[in-house]
Amino acid sequence: MLTWNLAFKNVTKAGLRTWLNVFILSFAFVLIIWTDGMYDGMSKQVIGDMVDNSIGGGQFWQSNYDPFDPFSLDDSHAEIPGNFQNLINTGKATPKLIRSCAMFPNGRVQSALLNGIDPEQNILNFPSSALKENGNGFIPALIGGRMAKNTGLTIGDIVTVRWRNVNGTFDAADVEIVNIFNTNVQAIDNGQLYIPLAKLQDMMEVSNEATIITLQKGIETIPAGSPSWQFKDHAYLLKDFYDYLDRKTVGSNIMYAILLGMALLAIFDTQVLAIFRRRKEMGTMMALGMTRGRVIRLFTLEGTMHGLLAIVLGAIYGIPILIWSASVGIGMPDTVDQTGLSLSTTLYPVYGVGLFFSTSLILFITVVIVSFLPTRKIAKLNPTDALRGKMS
Amino acid sequence: MTASELIVTKKLTKQYPIGGNFFTALREVDLCIDQCEFTGIVGPSGSGKTTLLNIIGALDAPTNGNAKVLGSEIGKMNHVEAAKLRNQYLGFIFQTYNLLPVYNVFENVEFPLLLQHIESSKRVDMVNKALEWVGLSEKAKSKPAQLSGGESQRVAIARAIVKQPKIVLADEPTANLDAQNSHHILKTMVTLNEELGTTFVFSTHDEKVISYLRRKIKLSDGEIVDDTIVN
């Protein structure tokens, strides 16, 4: 109790020296939580958008389908099995048929993927209802904002699309752009053209066939697949993003280490400086009858108190800042679209209780360690040398 | 060692390693200091005064020979025992005062009592009494940085005597003080010696201090060359 009281007295009476250290520590503490919150927010946003807009609760792929091989698209379609049809009929799944095509916007030719989707689907957060019959004879078509920008197409434009049916015969039709949607998910935007599923099935001369069956998010039971239809779960469908996160995690860990290092350097610096600047004080304490062990405990406790005060101070000014930051988000530069990730233009940090407690605990433990290490040197300090202000 | 002999050294030798050799700071010092003495170890710089005082104060250990303080042999004590001896029976006064900078005068004087776990109300009485002895009651709330050299040394004296130790060891206590303050400090210590019966041992080469001593032990090159009782 005496050591605690003395440490508390030393810390509170040291004034500016204490508060500078505590502020630097608290700043690093808040920054670590904010940075981690940003990564968590980014992960949640990207995964959330991918699930809502593209992959739902997982997908069944026709066995020939390979998104990285455009030539596979000619053969990557098969009849929808009965068990999937039941799910589709009950609104728990939605089919998509994909075909490569050439389109001719403003006299230019451009490759694209022709996606046949069900206008009535509500599995994905996608304005597919715009594909309901437009009544003017043109095939209604949807494109994303990036595709619109690349092709120069606007709502109401008519564009010719050419494709090959299952027999290899070229055919062409005019489609009308009935809506342009905005999405963070580039994979459903760049080079993608959406028309009604039934229409594409007619155009390809296939009946009740699809390339992908997307399941409802949170579906309780995943139906059995077959050699023709293979299930792809979130781990598979989000692999690219998880790989990116892993690579980012290395960077994030380096950042974390730098911030923690800053915090530890502050306290380590304080303790090392304390040895050099306060060695006479320690010698005096020993001369007055304080044991070496108590001196070590006293100085370690002082460092630890800096850590505790930093957590309290960080909470006082950090919590409002973190809450504000989570509510208004952090604007991303325009170039964020070039990362290839489904990043939103505004990222909202997400902070969990676990993040707060784990960061506090890590900071606290490391502060205790770096407080103890330099003060351990005091144990070897000869009191007479300490009194002369000299290191032994 | 009789009951009145507080400090006894026999063939006390202290050597410090320097490079591959040793520097001998004290050579076979035989010494006996009794209760209530007002003694000074005098001699030029480098004669071994501070080394002798440090060993008597259990801050250092002899290389050879032995030193007994209040019946305890310094060379055989561990750190905890040495700390206990210093805390309970010894008071220190340093040349540079060595006040704890973040504490005020009251807290500095109170510090040795905290280590003895003396209860709060008794502590307050003892500190106030010590501050009265040195005439600094009105400066109780001042920080060391706000004090003059003389005042700082008086605080150091109050800190040394607050627990009423058997022995006060004063290492060059007037080295940083002017003549007026030096005499004031020394008169205070003489009074304390007479009123409380505290044994004072000085290390000094200051003539002002020497003029107050009742016994002068002269050291030269680590050896006692003269030991004079002043009548």
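Here are the numbers for this structure:
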| item | result |
| --- | --- |
| Gain upon complete extension [A:Leu361, A:Asp334; 0.36 nm per residue less C-alpha separation] | 6.0 nm |
| Orientation-averaged projected area, Cα convex hull of region B:96-186 (nm²) | 5.6 |
| Within the protein assembly as shown, helix-based [θ] at 222 nm, where runs of 4 or more DSSP H residues each add -39,500 (n - 2.57), nearest 500 | -14000 deg cm²/dmol |
| Between helix A:353-376 and chain A: long-axis angle, C-alpha atoms, 0 to 90°, nearest 10 | 30 |
| Averaged over B:94-102, number of beta-carbon atoms from partner chains that fall within 10 Å | 6 |
| Acute angle (nearest 10 degrees) that the helix A:2-13 long axis makes with the longest principal axis of chain A, alpha-carbon atoms | 70 |
| Ranking of A:Ile213, A:Ile369 by count of other Cβ atoms within 10 Å, fewest first | A:Ile369, A:Ile213 |
| Translational diffusion of region A:206-274, µm² s⁻¹ [Kirkwood Rh, Cα pairs; Stokes-Einstein; 4 °C; 1.567 mPa s] | 76 |
| Taking A:Glu176, B:Glu73 and counting other C-beta atoms within 10 Å, the order from fewest to most | B:Glu73, A:Glu176 |
| Relative contact order for chain A, counting Cα pairs under 8 Å that sit 6 or more residues apart, in percent | 27 |
| Computed label-point distance, nm, for sites B:Lys187 and A:Asp171 using a 7 Å Cα→Cβ extension | 12.2 |
| Peptide-level mean, for A:277-287, of C-beta atoms on other protein chains within 10 Å | 5 |
| Region A:59-232, relative contact order [Cα under 8 Å, separation at least 6], % | 34 |
| Relative pair counts by distance (%), Cα atoms of region A:59-232, 10 Å bins | 10, 40, 37, 12, 1 |
| Helix A:292-328 vs. chain A, principal-axis angle (Cα, 0 to 90°, nearest 10) | 30 |
| Inter-chain shielding of B:160-166 (mean C-beta neighbours from other protein chains, 10 Å cut-off) | 1 |
| Percent of Cα pairs exceeding the 49 Å cut-off, where the set is the protein assembly as shown | 46 |
| Relative contact order [Cα under 8 Å, 6+ residues apart], chain B, whole percent | 28 |
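Bear in mind that the values in this text are calculations on the coordinates, not laboratory data. The structure presented is a predicted model; accordingly, all values stated were derived computationally and were not measured. With ideal geometry, Cβ positions are generated from the backbone for all residues, glycine too; neighbour counts draw on all protein chains shown.
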